[in-house]
Amino acid sequence: MSALKHPFQLTSSSSSPLCSLRASLLTLAVLTLLSFTYLSFTSLHSSPPSSPSQLPVKLGALNDAADEEISDVYHSPQVFRLNYEEMDSKFKVYIYPDGDPNTFYQTPRKLTGKYASEGYFFQNIRESRFRTEDPDQAHLFFIPISCHKMRGKGTSYENMTIIVQNYVEGLISKYPYWNRTLGADHFFVTCHDVGVRASEGLPFLIKNAIRVVCSPSYDVGFIPHKDVALPQVLQPFALPAGGNDTENRTTLGFWAGHRNSKIRVILARVWENDTELDISNNRISRATGHLLYQKRFYKTKFCICPGGSQVNSARIADSIHYGCVPVILSDYYDLPFNDILDWRKFSVIVKERDVYQLKQILKDISDMEFIKLHKNLIQVQKHFQWNSPPIKYDAFHMVMYDLWLRHHVIKY
């Protein structure tokens, strides 16, 4: 009986192979772990695969690269991109249908000249996807009265004020939309300064409605967080856009124009005989050469843009178009798209009191700094161009983006 063993009782001779198997498995596991550790360590320190098809595509990384490319001209590139796309897909504006298009309403006077921006906006808003026929779907309401058309028909300032007042009061009595916010979700557009004067008879229009104006001066009632600066663009441009031509720009600074403001008088008196600054007391006569004025922009590094009868000047948009870095010489000017674009990255802003040091200020800008300013300037050219029909990121869409930002503060 002693020779019999329990079936599950192992002898010493049978346990030896089992221990050997366990040891082998343990050794294999340790070796495998060490191999994976080594391979992981090696892959972390190896160079990325050379074939683009092997690289993982990450949308976020691509967006970061795009942001890096435009970060010099926008305050917040990613915020601008996201808000712009939302605006482009959702924003709706209702245009009041009242008013005879053959008089002062609905349609632009013309799309040329110094006040073309007003005309283009009147036309673009009708061509765009932003217009809605349903006022209940509208974020904002457009008051389509054109003071530029009034001026073209010889209307006096006094009569302009009466016409604007009667028109707006008629809309208020006919429709319920003004009274929801007392006009905070309404806007009107005027590029000529007569438009600002014509609205003076309606204090509540100035106080509450959004004014989209070419002369946005802090010292004449412009409210930056409410109103919008409209770029004054003299179109069509006589010559093609400039760009990537810094080696041809041998003149330090250029300005030619009328002495219709204090700063222009000082600018001409101090610098018109300078050998490095090309400063002319009057506009360049067409008799001296075809498009000679415009051609000067191509040869100049910095184009001086002093304020005229108002803080604004079409010369700023001219400078941007022709690739000449604008020198803003106009105090209290809320520059167009100032809350979107960082103007110091593509222009030079000089206080009027510093006009006496103008040449030294420009000479202190190094060649590398100038090239960077010029490169950034080319990036923003599309924002200061009107088109019909409008295209993405042009002047019309930038104005609409500014209006989209303003509408977010309106609650009712």
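Tabulated data for the structure shown
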| quantity | calculated |
| --- | --- |
| Qualifying residue in the stretch 314-328 (condition: surrounded by fewer than 21 Cβ atoms within 10 Å (Cβ to Cβ) and either in contact with a helix residue (DSSP H, G or I) (Cβ under 8 Å, 6 or more places away or on another chain) or outside the structural domain of Ser261 (by the TED database) (or both)) | no |
| Among the residues listed as Asn338, Asn273, the single one being more than 30 Å from Val196 (Cα to Cα) and open to solvent by 50 Å² or more (accessible area, probe 1.4 Å) | Asn273 |
| Residue in the stretch 182-205 that is surrounded by fewer than 23 Cβ atoms within 10 Å (Cβ to Cβ) and under 24 Å from Lys375 (Cα atoms) present | no |
| Qualifying residue in the stretch 292-304 (condition: part of a loop (DSSP other than H, G, I, E, B) and in contact (Cβ under 8 Å) with a residue 24 or more places away in the chain) | no |
| Residues satisfying the stated conditions in the stretch 381-397, i.e. buried (at least 21 other Cβ atoms within 10 Å of the Cβ) and of a type in the set (A, V, I, L, M, F, W, C) | Phe384, Trp386, Ala395, Phe396 |
| Qualifying positions in the stretch 78-101 - part of a helix (DSSP H, G or I) and open to solvent by 20 Å² or more (accessible area, probe 1.4 Å) | Gln78, Val79, Arg81, Leu82, Asn83, Glu85, Glu86, Asp88, Ser89, Lys90 |
| Options Tyr96, Tyr105; residue that is within 24 Å of Pro203 (Cα to Cα) and at pLDDT 95 or above | Tyr96 |
| Close pairs (9 angstrom Cβ cut-off, 6 or more residues apart or separate chains): in the same structural domain as Gly221 (by the TED database) and among the basic types (Lys, Arg) in the stretch 197-211, open to solvent by 70 Å² or more (accessible area, probe 1.4 Å) and part of a helix (DSSP H, G or I) anywhere | Arg197/Tyr157 |
| Helices (runs of 4 or more DSSP H) (entirely within the stretch 313-412) containing at least 2 residues that are touching an Asp or Glu at 6+ places or on another chain (Cβ under 9 Å), modelled with pLDDT of 95 or more and within 23 Å of His225 (Cα to Cα) | 395-407 |
| Subset of the stretch 212-257 [basic (Lys, Arg) and either at pLDDT 95 or above or crowded, with 18+ Cβ neighbours inside 10 Å (or both)] | Arg249 |
| In the stretch 303-338, the residues that are more than 28 Å from Phe80 (Cα to Cα) and in contact with a strand residue (DSSP E or B) (Cβ under 9 Å, 6 or more places away or on another chain) | Cys303, Ile304, Pro306, Gly307, Gln310 |
| Only listed residue being β-branched (Val, Ile, Thr), under 32 Å from the mean Cα position of the chain (by Cα) and assigned to a helix (DSSP H, G or I), chosen from Ile163, Ile172, Ile125 | Ile125 |
| Residue match in the stretch 196-207 (condition: at positive phi, at pLDDT below 85 and touching a helix residue (DSSP H, G or I) at 6+ places or on another chain (Cβ under 8 Å)) | no |
| Any pair with Cβ under 6 angstrom, 6 or more apart, that starts in the stretch 340-359 at a residue that is of a type in the set (D, E, K, R) and ends at one that is in a helix (DSSP H, G or I) | Lys345/Asn376; Glu352/Ile263 |
| Residues that are out of contact with any Pro (no Cβ under 8 Å at 6 or more places or on another chain) and either within 21 Å of Phe122 (Cβ to Cβ) or not in a loop (DSSP other than H, G, I, E, B) (or both), drawn from the stretch 217-227 | Ser217, Asp219, Val220 |
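Quick grid of which residues meet (1) more than 28 Å from Glu85 (Cβ to Cβ); (2) of a type in the set (D, E, K, R); (3) free of Cβ contacts under 8 Å to residues at least 24 places away in the same chain; (4) open to solvent by 10 Å² or more (accessible area, probe 1.4 Å):
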site: Ser117; (1), (2), (3), (4): no, no, no, no
site: Gln137; (1), (2), (3), (4): no, no, no, yes
site: Gly152; (1), (2), (3), (4): yes, no, no, yes
site: Asn159; (1), (2), (3), (4): yes, no, yes, yes
site: Ser173; (1), (2), (3), (4): yes, no, yes, yes
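The values are calculated or read from the model by the stated rules, or taken from the named source; none is laboratory data. What you are looking at is a predicted structure, and each value in this text was computed from that prediction instead of being measured. Every residue, glycine as well, gets a Cβ built from its backbone with ideal geometry; the counts of neighbours run over all protein chains shown. We work out accessible area using only protein heavy atoms, side chains counted, and drop any ligands, DNA or RNA first. Shrake-Rupley method; radii C 1.70, N 1.55, O 1.52, S 1.80 Å.
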